[in-house]
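Please treat every number below as a calculation from the coordinates, not as lab data. Everything numeric here is computed off the predicted structure, so don't read it as measured data. All Cβ positions, even for glycine, are placed from backbone atoms using ideal geometry, and neighbour counts span all protein chains on display.
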Amino acid sequence: MSAAEIHPDVEATAERIASMEVRGAAAIAEAAAAGLATQAEHSSADSPEAFRRELRAAARRLVDTRPTAVSLPNAVRFVFERTDGDSVAELRRSTRDGAAALRAQLDTAQDDLGAIGANRLRDGDTVLTHCHSTDALACIEAAREQGKSLSAIVKETRPRKQGHITARQLREAGVPVTLIVDGAAGRYLDDADHVLVGADSITADGSVVNKIGTRSLAVNARERDTPIVVAAQTLKLDPATLSGHTVDIEHRAEAEVISDDDREAIGEIDVANPAFDVTPPRYVDAIVTERGQFPPESIVMLTRELFGEGPVRPWEQR
Ligand code: RI2
């Protein structure tokens, strides 16, 4: 492998993330860290400089796959901060250890977050969900383990219908599910005690970047006084927004929205497929993390505490 060559397994991981075979902010963070460990493991770099160059190239490939999900750069940064040593062997070992440490942190964080989020849920409550978030489901699962009986209204979440994954997992956890199309959410908000969603990124001002449709759901929920809770590990806090950077919203293929045949039958039109939207903090009641529950306006303090030091994107250096 030459200096900045990316290992084929890393390339394959990047493709699985881009195609959403691996998806969800926590899952892609873990996959990216594992990708760096793979790159390190197979590196034939003959100097620490060459090793670091390779690792930076692999990091760029992985981070660029899903531009909105901040867990990707945060995971890579976590590993880079632990990649240390004077020899290739030491660098290789520390990269592998960094990826393992991230995996352990992700597991613990989700359990801790679930236990905190569960405290908000009371016996007999109905939760309305959007998309599929393992962090959000962790809250429901923890509440079930506390012996609370819950039911769920699950939005299918066009265009990729990830609500189906949520419906299946909740059913398997013994939660009665009513699946609805996205447009029916307003009607069913009156039956819900909580709106519970995940996040792909949370900006320093407490805005929540999540699957498209979250914002209109939150606005509607606020109008009905239904509390909206965001479950998000701190790996989803976006440190770049501390210094004024904005979040790129990923636009995906038109084919996710409409088939070629339907498109041809309609005639010449434009099709847009933004994957995410931004919900301002005024529509969010609480952000539940593994560090506790926060009002969205205070999330800037936590972001600064956890990510305030060090270069935000060390892999960008060539
Ligand atoms: P967890 C998903 O995005 C959803 O927007 C979900 O809320 C978020 O990731 C967080 O997922 P996508 O990857 O990390 O399906 O909570 O586009 O599992």
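Observations
- Near the amide H of I153, within less than 5 Å, lie the amide hydrogens of V127, L128, T129, T178, all on another chain or at least 5 residues away, with H placed in the peptide plane.
- Remark: C-alpha extents of the stretch 47-179 on the principal axes read 60, 33, 21 Å, sorted largest to smallest.
- Seen against the Cα atoms of the chain and their longest principal axis, helix 48-63 is set at about 20 degrees.
- Packing, taken as the mean count of other beta carbons within 10 Å per residue, orders the peptides 199-205, 251-257, 106-112 from highest to lowest as 199-205, 106-112, 251-257.
- Local electrostatic count at Y283 - Lys and Arg +1, Asp and Glu -1, tallied over other residues with Cβ under 11 Å: +1
- Seen from a random direction on average, the alpha-carbon convex hull of the chain projects onto 17.4 square nanometres.
- Bridging of K161 to lysines at a Cα separation below 23 Å is possible for K211, K236, once same-chain residues fewer than 8 apart are set aside.
- Here is the size of the stretch 253-312 from its Cα atoms: Rg then Dmax, 20.1, 54 Å.
- Principal-axis tilt of helix 134-145 within the chain, Cα atoms, nearest 10 degrees: 60
- Only beta bridges with both residues in the chain are counted; by DSSP, about 35 percent of them are antiparallel.
- Among 6-16, 61-71, sorting by the average number of other beta carbon atoms lying within 10 angstrom of each residue, highest first, gives 61-71, 6-16.
- Separation of alpha-carbon centers, the stretch 185-230 and the stretch 22-67, rounded to whole Å: 33
- For the stretch 91-100, putting each phi into the Karplus relation 6.51 cos²θ - 1.76 cosθ + 1.60 with θ = phi - 60° gives couplings of 5, 4, 5, 5, 5, 4, 5, x, 5, 5 Hz, in residue order, rounded to whole numbers and with x for Gly and Pro.
- Helix axis angle, 8-18 relative to the chain longest principal axis, alpha carbon, degrees: 20
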